[in-house]
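K.L.:
Would you mind keeping the following structure in view while I ask a few things?
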Amino acid sequence: MQKVAIVAFTDNGLSIGRTIQKEFYRSKLFTTRETEFTKDILKIGNVADLLEKKFHTYDTWIFVGALGICVRSIAPFIQDKKSDPAVVNMDEQGKFAQAVLSGHVGGANAVAEKLSRIFQAQAVITTASDLQNIWALDLLAEKFNWTAVSDFPLNQLISLFINNRPTALVLKVKVAGTAYLEKTKPHFVDIYYNLQDVVQDSYELIIYVGYELLATTVPNLSFHPRCLVVGSGCSKEIEPALFEEALLLHLKQEGISYQSIAALASVDIKREEKAYLAVAEKYGWEFNTFTTEELSQVHLANPSAVVLDKIGIEGVSESAAALQAKNPFWLIEKTKAEVSSGKKFTYAISLINKFERKGQIAIVGAGPGAPEYITLQGKELLETADCILYAGSLVPEELTHFAKPGALVRNSASMTLEEQIEIIDEFYEQGKLIVRLHSGDPAIYGAIQEQMTLFDEKNYDYFIVPGISSFQAAAAYLKSEFTVPEVAQTIILTRGEGNTPMPEHEKIEDMAKLRATMCIFLSAGIAKKVEGQLLQHYPEDTPLAVLYRVSWKDEKVWTGKLSELSSIIDQNKLTRTVLIIVGEAVGARKNRSWLYGDNWYHIFRKKGKSMVAGK
């Protein structure tokens, strides 16, 4: 967490400083003014003395006062952009927040933006990439945990970029950072997925994300994610220094950046091999070993009778790389190598499964119904998907209108699971993005387990995007907090027992003993039975809400008492997409949480302790 120092020189500046301090945890407020001092509000006599002792011990400095005072104060202590803290100046009226030092690397621009939101002020940002809303090339590596490499001065590359010179972006691998770059591509950038496809003479700058060493005729900037696994077997007690030297040389000859190595893997009899332990520690690689039984399950490209005779399996390097990378293929198959002492080793290299540029399936929660309730990530996936399968009986068609031109959009309501998988297979094999759009949150009655079982069997890459559940939309509609202090602190999400049996330990009448806020799904057809089960423990006048297609355009909501449940369902002929909510928390307004009480203190709101001024 960032350490923040705030410096105020006037009474009004001190007031602003106190407000800033509430927004920045672990901050200290230094002032020349008289006030009630605490361990977090400290008196200073001379700002120069403070900065001489403390300038590089804080991550961020916020000056409240004249910009000239700020600039003159910090000038003697500035060193370089990599080590200097962020410095922001805010005028004592709280109208302007200006990033003064370390706008990108130190984060002063972000602090200035935050201050502008706190005070409804104007952020003053002068860095070109921020003003143009384009990538800050000097921040991308840190942002995505990549390693940046170039033979050209960074300032030269940044100059080309902020001046909008023709740029080729090569995305050799696929990961969250590359998705961000694809989405936010400036107009002067063209995207490629293989360096060989780039006509280099057409560009003044090449930006590359991947594992290859670049040899280009134009200025380039490479970003290397840790995306590769080296599998290796070696002679006993191979010399660590010689092994490191030889391995790095072979990687260079293969055109592979050692900065892209994430892990080194071998057989378990090599778990204490000093050469492996040393090189892994030096370069921050994970080191993992597998049993011969585990390694023997991998079908090898280059089996060895010699290795089979020695340790009972046909190879180590290929199988270890494949297992660690969770990828049955190799960028580099088993290669034999020798160090200068004559001892030998083998290596194979695999791309970690999640970095492969291949098909991908997103199981997306559509939310309760209203298109504006879908998450930002869910909307972005709908906008970029090549295929969208949605449950039309439960998901409004309007959500599919986010689809890009040319995308396949199909209603799965009338399909079997096998028919859905047939479509998914077709697009996955083409390396496309498929969105499986489910109502509410996929984790709650989403029927996704059987799909994920098939995806696992096919070794498909998939992930889940959560959504707002209908019970949350119901709370919003009812303007209710479902966990009211001293009334209800438990929410139960369940359904009644219809054709599908409930587990023996999850009967509604048993859960009703808690008298928690109970949200009952999929039970309109057995409302009379559910009502009777609830009345065994809830009073008849317990608040009740019955919600039909909550947040849809045709939503309908009825409120009343628990004893009215079945009559509300019957009179309104409700059969499906109904949510029943029961509990004292529905519509409650009396009790207050201690969280914001003036006598309740915690790590973000501390009880003040008087301190002697200047100590």
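K.L.:
Using beta carbons and a limit of 6 Å, which pairs, at least six apart or on different chains, have the first residue in the range 271-293 and within 23 Å of residue 310 (Cβ to Cβ) and the second one among the polar types (S, T, N, Q) and part of a helix (DSSP H, G or I)?
P.N.:
288/324
K.L.:
Okay, next question. Please go through the range 1-33 and pick out each residue that is open to solvent by less than 70 Å² (accessible area, probe 1.4 Å), part of a helix (DSSP H, G or I) and not hydroxyl-bearing (Ser, Thr, Tyr).
P.N.:
The answer is 12, 13, 14, 16, 17, 20, 21.
K.L.:
Please identify the pairs in which a residue from the range 376-391 that is under 14 Å from residue 179 (Cα atoms) has its Cβ atom under 8 Å from the Cβ atom of a residue that is assigned to a helix (DSSP H, G or I) and open to solvent by 70 Å² or more (accessible area, probe 1.4 Å), counting only partners at least 6 apart or on another chain.
P.N.:
380/183; 384/183
K.L.:
Which residue is most open to solvent (accessible area, probe 1.4 Å), if the candidates are limited to the range 106-152 and must be polar (S, T, N, Q) and not in a helix (DSSP H, G or I)?
P.N.:
120
K.L.:
Still on this structure: In the range 317-332, how many residues are more than 21 Å from residue 306 (Cβ to Cβ) and either open to solvent by less than 10 Å² (accessible area, probe 1.4 Å) or among the β-branched types (Val, Ile, Thr) (or both)?
P.N.:
Count: 2.
K.L.:
Right, here's the next one. How many residues are more than 31 Å from the chain's Cα centre (by Cα) and under 30 Å from residue 443 (Cα atoms) if we restrict to the range 333-369?
P.N.:
Qualifying residue count for the region: 0.
K.L.:
Suppose we filter the range 34-55 for residues that are part of a helix (DSSP H, G or I) and of a type in the set (Asp, Glu); how many remain? I'd like the intermediate steps shown before the answer.
P.N.:
From the range 34-55, those part of a helix (DSSP H, G or I) are 47-55; that's our starting set.
Cutting the leftovers down to of a type in the set (Asp, Glu) gives us 49, 52.
Residues that pass the stated criteria total 2.
K.L.:
Could you please let me know if residue 105 is more than 30 Å from residue 165 (Cβ to Cβ) and either assigned by the TED database to the domain that holds residue 20 or not aliphatic (A, V, I, L, M) (or both)? Outline the logic, then answer.
P.N.:
Numbers: more than 30 Å from residue 165 (Cβ to Cβ): no; either assigned by the TED database to the domain that holds residue 20 or not aliphatic (A, V, I, L, M) (or both): yes.
Here the answer is no, as residue 105 does not meet what is asked.
K.L.:
Return the residues of the range 50-83 that are within 29 Å of the chain's Cα centre (by Cα) and open to solvent by 10 Å² or more (accessible area, probe 1.4 Å); say none if nothing qualifies.
P.N.:
58, 59, 81, 82, 83
K.L.:
Is the range 297-316 home to any residue that is among the small types (Gly, Ala, Ser), in a loop (DSSP other than H, G, I, E, B) and loosely packed, with under 15 Cβ neighbours inside 10 Å?
P.N.:
Within the range 297-316, one or more residues are among the small types (Gly, Ala, Ser), in a loop (DSSP other than H, G, I, E, B) and loosely packed, with under 15 Cβ neighbours inside 10 Å.
K.L.:
With the structure loaded, tell me whether residue 252 is touching a residue at least 12 places away in the same chain (Cβ under 8 Å), among the basic types (Lys, Arg) and assigned by the TED database to the domain that holds residue 151 or whether it fails that test.
P.N.:
Against the criterion (touching a residue at least 12 places away in the same chain (Cβ under 8 Å), among the basic types (Lys, Arg) and assigned by the TED database to the domain that holds residue 151), residue 252 does not qualify.
K.L.:
Could you check the range 504-527 and list, in sequence order, the residues that are closer than 29 Å to residue 393 by Cα and among the charged types (D, E, K, R)?
P.N.:
506, 507
K.L.:
Testing residue 530 on (1) surrounded by fewer than 21 Cβ atoms within 10 Å (Cβ to Cβ); (2) touching a residue at least 12 places away in the same chain (Cβ under 8 Å); (3) more than 30 Å from residue 397 (Cβ to Cβ); (4) not basic (Lys, Arg), one condition comes back false. Which one is that?
P.N.:
Every listed condition holds for residue 530 apart from (1).
K.L.:
Continuing with this model, one more query. Report yes if some residue within the range 470-493 is in contact (Cβ under 8 Å) with a residue 40 or more places away in the chain, among the hydroxyl-bearing types (Ser, Thr, Tyr) and open to solvent by 40 Å² or more (accessible area, probe 1.4 Å); otherwise report no.
P.N.:
Within the range 470-493, one or more residues are in contact (Cβ under 8 Å) with a residue 40 or more places away in the chain, among the hydroxyl-bearing types (Ser, Thr, Tyr) and open to solvent by 40 Å² or more (accessible area, probe 1.4 Å).
K.L.:
Inside the range 443-522, counting only strands (runs of 3 or more DSSP E) that do not spill past its ends, which hold 3 or more residues that are at pLDDT 95 or above and not assigned by the TED database to the domain that holds residue 432? Please lay out each step first, then the result.
P.N.:
On the way: elements: 462-465, 491-495, 517-521.
Qualifying strands (runs of 3 or more DSSP E): 491-495, 517-521.
K.L.:
Consider the range 496-527. How many of its residues are open to solvent by less than 40 Å² (accessible area, probe 1.4 Å) and either touching a residue at least 40 places away in the same chain (Cβ under 8 Å) or among the polar types (S, T, N, Q) (or both)?
P.N.:
9
K.L.:
If a residue must be under 15 Å from residue 343 (Cα atoms), open to solvent by less than 70 Å² (accessible area, probe 1.4 Å) and not small (Gly, Ala, Ser), how many such residues does the range 229-249 contain?
P.N.:
8
The values are calculated or read from the model by the stated rules, or taken from the named source; none is laboratory data. Remember, predicted model here, so these are calculated numbers, not experimental data. Heads up, the Cβs are rebuilt from the backbone with ideal geometry, glycines too, and the neighbour counts pull from every protein chain shown. In case anyone asks, the SASA skips ligands and DNA or RNA and just uses the protein heavy atoms, side chains included. Shrake-Rupley method; radii C 1.70, N 1.55, O 1.52, S 1.80 Å.
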